[in-house]
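Enquirer: If you scroll down you'll find the structure; I have some questions about it.
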Amino acid sequence: MSEPKKTSLYDVHEKYGGRVIDFAGWALPVQYEGITAEHEAVRNCAGIFDVSHMGEVEVRGPQATDFVQNLVTNDVSVMNENQVIYAMMCYPNGGIVDDLLVYKHANDFYLLVINASNVDKDFQWMKDNIGNYDAELKNISEDVSEIALQGPKAEEVLQELTDTNLSEIAFFYFKTNVKIAGKNCLVSRTGYTGEDGFEIYMKHEDSEHVWDKILETGKDKGVKPAGLGCRDTLRFEANLPLYGNELSPDITPLEAGFGMFVKLGKPNFIGKEALVRQKVEGLKRKIVGFEMEGPGIPRHGYDVLSDGKVIGFVTTGYSSPTLKKNIGLAMVDIEYSELDTPIEIQIRKNAVKARVVDRRFYTKKYRK
Amino acid sequence: METKSGLLYSKDHEWVRVEGEKAYVGITDYAQHALGEIVYVELPAVGNELNAGDVFSVIESVKAASDSYLPVAGKVLEVNEALSDSPQLVNEDPYGSWIVVVEITDKAGLDELMNEQEYREFCDKEA
């Protein structure tokens with residue numbers, strides 16, 4: 001393994017006491033004060049995250065819309081300018097290349113935001129599928145810093161640093177050339193926590209200033225720097241999937257339970273045929289929520305059992321900081337997916353009792 | 001990092017307090033800090049006979065599960081049931097929160113352990 005890359009905010013993490021780990025090749029803080037305290041700050045106030053590891057690809061050209069429409073599962077043709085949608089890229093067999101956010105600047109200009117661990121793979125996949133589309137791809141991942149400010153007080157705090165009326169940026173919309181503490185940013189009302197909040201894109205040289213100003217402004221209100229640890233517990237409680245857990249080349253969006261982001265009525269997109277077939281034939285397995293009834297914390301990769309037989313695997317599990325319960329998401333054979341079905345989780349030597357529950361553990365607090 | 005005199009320490013960051021034939025075992029301040037907030041402590045069954053180096057407890061933080069290794073061979077006499085309801089006690093008071101008491105069945109393992117001073121030096125090198 002080579003040395004992990006440093007984001008433009010690396011020194012800031014050191015300054016705020018971040019516990020830095022190697023995440024997808026990036027040196028990023030898993031926590032500062034503690035995962036639970038940061039998790040609660042985001043749920044009750046706001047937290048600020050360095051998410052500069054995320055990848056960004058620009059698509060420009062007369063056929064940019066057609067290209068993206070073919071590339072992703074969601075319907076790009078109905079997007080307004082300055083709108084964002086969540087989508088997935090699939091292989092022809094319906095397995096997932098990655099999930100992403102699609103930002104539409106204009107019919108001939110999109111920004112695709114992809115997972116750090118998949119940047120090289122995704123960019124290659126896009127190039128492999130550009131075919132005869134009259135569009136150009138540019139991987140700008142190394143040129144962009146990104147900060148997420150998430151939580152019920154996100155707007156109030158950020159508003160103090162800009163003349164742009166943030167209430168005019170609707171849920172899953174964005175605005176360019178927003179001056180945050182004097183620095184030029186792209187700001188979207190998006191996030192990965194189940195709370196209201198913003199994702200802020202800027203140049204590397206501006207990130208430390210923006211970060212410091214947000215924390216300075218928000219400190220008295222209770223805004224805290226937040227690490228990757230709580231980013232994962234927050235997104236999990238809000239039923240937001242993580243590539244490598246709920247999503248993978250071996251899992252289709254329908255199995256993962258995200259069919260609402262797959263528009264099978266679109267003329268064509270990569271993976272459509274396989275996904276239509278899967279829909280018609282019916283799912284053989286799907287991801288469900290579950291709650292532990294016996295002691296122990298379910299973890300990613302643990303076996304799910306019924307009467308001693310393996311019927312699935314845990315995709316994510318935690319002792320939920322918000323709900324104070326041991327809960328998880330698991331891919332199970334379809335006959336075990338009904339609510340209230342008793343299942344067991346293999347935790348080390350013990351098969352521990354659990355029960356299938358609604359996977360929307362936490363009701364999202366989006367401002368729509 | 002806090003340490004305590006009179007205890008023995010393992011390279012896996014467990015502490016041992018020997019009282020006659022009995023040994024109280026827990027994890028060190030260094031270990032609890034490295035783990036972060038502890039949300040679950042899996043305790044062994046009373047009566048289990050374990051070898052030195054066997055996993056006697058699994059300690060889970062929000063993020064992950066970590067094995068704890070018994071530094072000395074012994075038979076489990078007692079487990080700290082208070083940790084079932086209040087696992088955070090290990091964070092708050094690692095040297096007061098023993099996890100198991102074992103009846104030592106082979107004292108050989110004790111020779112491998114460090115005293116307070118040696119353990120502090122060991123941790124300095126790890127950091």
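The values are calculated or read from the model by the stated rules, or taken from the named source; none is laboratory data. None of these values were measured; they are calculated from a predicted model. All Cβ positions, glycine included, derive from the backbone under ideal geometry; neighbour counts span all protein chains shown.
Enquirer: Got at least one residue in segment A:305-323 being of a type in the set (S, T, Y), closer than 29 Å to A:G34 by Cα and without any contact (Cβ under 8 Å) to a residue 60 or more places away in the chain?
Expert: yes
Enquirer: Please state which of the following conditions A:C230 fails to meet, knowing it meets all the rest: (1) in contact (Cβ under 8 Å) with a residue 24 or more places away in the chain; (2) away from every other protein chain (no Cβ under 14 Å); (3) under 20 Å from A:G34 (Cβ atoms).
Expert: (2)
Enquirer: Could you tell me which residue of segment A:156-206 is surrounded by the fewest Cβ atoms within 10 Å (Cβ to Cβ), considering only residues that are farther than 23 Å from A:A238 by Cα and under 21 Å from the mean Cα position of the chain (by Cα)?
Expert: Checked segment A:156-206; the qualifying residue surrounded by the fewest Cβ atoms within 10 Å (Cβ to Cβ) is A:K175.
Enquirer: Now, a different point. Assess whether B:K63 counts as being in contact (Cβ under 8 Å) with a residue 12 or more places away in the chain, surrounded by 19 or more Cβ atoms within 10 Å (Cβ to Cβ) and part of a loop (DSSP other than H, G, I, E, B).
Expert: Here the answer is yes, as B:K63 does meet what is asked.
Enquirer: For segment A:315-339, enumerate the residues that are within 14 Å of chain B (Cβ to nearest Cβ) and touching a Leu at 6+ places or on another chain (Cβ under 6 Å).
Expert: Across segment A:315-339, the qualifying residue is only A:T316.
Enquirer: Of all residues in segment B:49-66, which are under 15 Å from the mean Cα position of the chain (by Cα) and away from chain A (no Cβ under 12 Å)?
Expert: B:L50, B:N51, B:A52, B:G53, B:D54, B:F56
Enquirer: To continue, here is another question. Out of the residues in segment A:293-314 that are aliphatic (A, V, I, L, M) and farther than 21 Å from A:N239 by Cα, state the one that is farthest from the other protein chains (Cβ to nearest Cβ).
Expert: Initially, segment A:293-314 is screened for residues aliphatic (A, V, I, L, M), giving A:297, A:304-305, A:310-311, A:314.
Among the residues that remain, those that are also farther than 21 Å from A:N239 by Cα are: A:305, A:310-311.
Working: A:L305: 18, A:V310: 20, A:I311: 22 Å.
By that ranking, first place goes to A:I311.
Enquirer: Here is a further query. Step by step: first the residues of segment A:2-18, then only those that are surrounded by fewer than 16 Cβ atoms within 10 Å (Cβ to Cβ) and over 21 Å from A:H209 (Cβ atoms), then the one that is modelled with the highest pLDDT. Which residue is that? Can you show your working first?
Expert: Initially, segment A:2-18 is screened for residues surrounded by fewer than 16 Cβ atoms within 10 Å (Cβ to Cβ), giving A:2-3, A:6, A:11, A:14-15, A:17.
From what's left, over 21 Å from A:H209 (Cβ atoms): A:2-3.
Numbers: A:S2: 77, A:E3: 89.
Ranking the candidates gives A:E3 first.
Enquirer: Just one of B:V76, B:V39, B:V25, B:V46 is within 14 Å of chain A (Cβ to nearest Cβ) and of a type outside the set (S, T, N, Q); which is it?
Expert: B:V39
Enquirer: Further question: Can you give me the number of residues within segment A:209-234 that are touching a Ser or Thr at 6+ places or on another chain (Cβ under 7 Å) and either in a loop (DSSP other than H, G, I, E, B) or surrounded by fewer than 18 Cβ atoms within 10 Å (Cβ to Cβ) (or both)?
Expert: Summing the residues that are touching a Ser or Thr at 6+ places or on another chain (Cβ under 7 Å) and either in a loop (DSSP other than H, G, I, E, B) or surrounded by fewer than 18 Cβ atoms within 10 Å (Cβ to Cβ) (or both) in segment A:209-234 gives 0.
Enquirer: If a residue has to be of a type in the set (F, W, Y), under 19 Å from A:A135 (Cα atoms) and more than 19 Å from the chain's Cα centre (by Cα) to count, how many in segment A:63-112 make the cut?
Expert: Number satisfying all stated conditions: 2.
Enquirer: Answer yes or no: is there a residue in segment B:117-124 that is in contact (Cβ under 8 Å) with a residue 24 or more places away in the chain and within 15 Å of the chain's Cα centre (by Cα).
Expert: For segment B:117-124, residues in contact (Cβ under 8 Å) with a residue 24 or more places away in the chain and within 15 Å of the chain's Cα centre (by Cα): present.
Enquirer: Do the conditions hold for A:A256, that is, is it away from chain B (no Cβ under 14 Å) and within 21 Å of the chain's Cα centre (by Cα)?
Expert: yes
Quick grid of which residues meet (1) of a type in the set (A, V, I, L, M); (2) within 26 Å of A:V68 (Cβ to Cβ); (3) in a loop (DSSP other than H, G, I, E, B):
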{"residue": "A:I270", "(1), (2), (3)": "yes, yes, yes"}
{"residue": "A:V276", "(1), (2), (3)": "yes, yes, no"}
{"residue": "A:V288", "(1), (2), (3)": "yes, no, no"}
{"residue": "A:H300", "(1), (2), (3)": "no, no, yes"}
